[in-house]
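Below is one structure, written out as structure tokens; comments come after it.
The values are calculated or read from the model by the stated rules, or taken from the named source; none is laboratory data. Predicted model only: the values in this text are computed from it and were never measured. Glycine also receives a Cβ, built like all others from the backbone with ideal geometry; neighbour counts cover every protein chain displayed. Areas reflect the complete protein model, heavy atoms only, side chains present, ligands, DNA and RNA absent. Shrake-Rupley method; radii C 1.70, N 1.55, O 1.52, S 1.80 Å.
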Amino acid sequence: MTALGWSVLVLGSVAFGGLLSCSDPVLDDAIDAQGNETAEIPQGPLHRAGQPCVVCHQEGGPAADFPFTVAGTIFAQPARQIGVDGAEVRMTDADGTKHTAKTNCVGNFFVKPDEWAPKFPILVEVAKGNLRRSMRSPIGREPSCAGCHVPQIPVSDPASQVSHIYLFAGDEPGFPEGALDCAVDPKRPGSP
Ligand code: HEC
Ligand code: HEC
């Protein structure tokens, strides 16, 4: 075999080996950083509130069979992390198409590719009843709200703009303690 033949063979196997192992160390670290599931919360729509969902719910992640184009969690309070039920997450993409997702009883929402596959950047606002909060800047390409809005426990600086997303500012009447009929505690594990 010629030298060229060998090098083609070697290159070919390197590429093939890369495909087989298919590991991305940066993604693996991001997945590991999310930790284990919380006991008594089943793997499903109510799990991992406040986490960057799409780290796992994408190609190459452990939930690759259930990918999301956008996902996150909306909490009620600035200083506690209690999920808001039935909040609307209204989004508009670069082409002007719109999609509204609704939160479940722990505050989680998620968008599947067949529901809406936005062209980033996207604009977003969150609303419930007559309360509304808009994110002023567009989201460039990060599909997980918690890619930026990281919940902290304890909440060291509730005024920090990129702490967890909250809908209510303080003690409005009817200030929610979370949905009573939720299958899991709507308060995020570890929240005060
Ligand atoms: C650390 C990885 C990880 C994170 C972070 C994560 N998930 Fe999951 N999720 C999984 C795995 C693994 C499954 C089970 C997938 C399977 O059955 O193949 C799952 C299952 C689900 C399912 C059920 C899918 C179906 O139709 O059966 C939903 C819905 C879901 N997650 C929503 C979310 C939401 C919303 C978030 C963010 C608030 C989130 N997940 C964060 C790993 C994760
Ligand atoms: C790339 C980082 C990033 C991502 C991803 C992101 N945000 Fe934001 N968000 C910010 C920053 C920075 C601010 C504060 C400045 C502003 O409003 O643009 C903010 C502000 C907000 C506010 C206004 C807060 C207030 O009280 O004024 C809301 C609501 C919000 N984001 C919701 C969301 C939702 C919902 C998602 C997921 C669909 C999301 N954000 C994803 C960075 C991000």
Response to the item:
For segment 7-147, the charge dipole (Cβ of Lys, Arg +1; Cβ of Asp, Glu -1; about the Cα centre) points to a positive end, and the Cα of 70, 84, 108 closest to that extreme belongs to 84
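How much net charge surrounds residue 40 when only other residues with a Cβ under 14 Å from its Cβ are counted (Lys, Arg +1; Asp, Glu -1)? Display every interim value, and only then the final one.
Working: positive: 48, 187, 188; negative: 37, 185.
Overall, the nearby charge balance is +1.
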Response to the item:
Expressed in square angstrom to the nearest 10, the accessible area of residue 123 with a 1.4 Å probe stands at 90
Discussion item. If N is the number of residues in segment 7-147, what value comes out of its Cα radius of gyration divided by 2.2 N^0.38 Å?
Written reply: 1.23
Practice prompt. Check cross-link reach from residue 119 to the aspartates and glutamates: straight Cα distance under 17 Å, and skip same-chain residues fewer than eight apart.
Written response: 93, 95, 142
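Once you charge only the Cβ atoms, +1 for Lys and Arg and -1 for Asp and Glu, what is the size of the charge dipole of segment 7-147 about its Cα centre, to the nearest 20 debye? Please list the in-between numbers first.
Values: 12 positive and 16 negative charges, 154 e Å.
For segment 7-147, the charge dipole is close to 740 debye.
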Worksheet, complete the sentence: Amide H proximity to residue 165 below 5 Å, modelled H, separation 5+ or other chain, gives 75
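Per residue, how much accessible area does segment 7-147 show when a 1.4 Å probe rolls over the protein heavy atoms, in square angstrom?
So segment 7-147 comes to 57 Å² accessible per residue, rounded to a whole number.
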Fill in: Cross-link partners of residue 187 among lysines (Cα-Cα below 29 Å; sequence separation of 8 or more within a chain)
102, 112, 128
Practice prompt. Could you rank 136, 188 by how accessible they are, 1.4 Å probe, largest area first?
Written response: 136, 188
